[in-house]
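For reference, the structure is listed below as structure tokens.
Read the figures in this text as sums done on the coordinates, not as results from a lab. Since we're looking at a predicted model, the values are computed, not measured. FYI the Cβ positions are ideal-geometry reconstructions off the backbone, even for glycines, and counts take in every protein chain you see.
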Amino acid sequence: MKITLLLCLSAALAGCAGLAPRPATDAAVQRLVNEDDQVRITELRVRGQTQRISVDNKDSSAPGYQITPQAAGSDPSAARTGAGQRVWTVLSF
């Protein structure tokens, strides 16, 4: 009786050993580039959410700029965080 109980318990524990948590896989990262003869627009998406949009001028002396995307899940009418606004780099070292 004790042997069968011990065998059943060890079999159950051996089956649970395969249920260890798996390490998280890398996030799906996409770099989308759209360009024409005047500008290049680069968009970075992580897990389908836009993280960064960069606009670079090709033939103009005007500096490139970034667009700050809105945070996922936020209400656009409630917050005024500057989402969707252009951001220029003034000083770079």
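Quick notes on this one:
- Within the stretch 27-72: Cβ-based charge dipole about Cα centre, in debye rounded to nearest 20 (Lys, Arg +1; Asp, Glu -1): 340 debye
- Placed amide H near R52: partners under 5 Å, 5+ positions off or other chain: L44
- Listed by Cβ neighbour count within 10 Å, with the fewest neighbours leading, D36, D56 appear as D36, D56.
- Near Q70, the amide H atoms lying under 5 Å from its own belong to G84; only residues 5 or more places off or on other chains count, and H is placed 1.01 Å from N.
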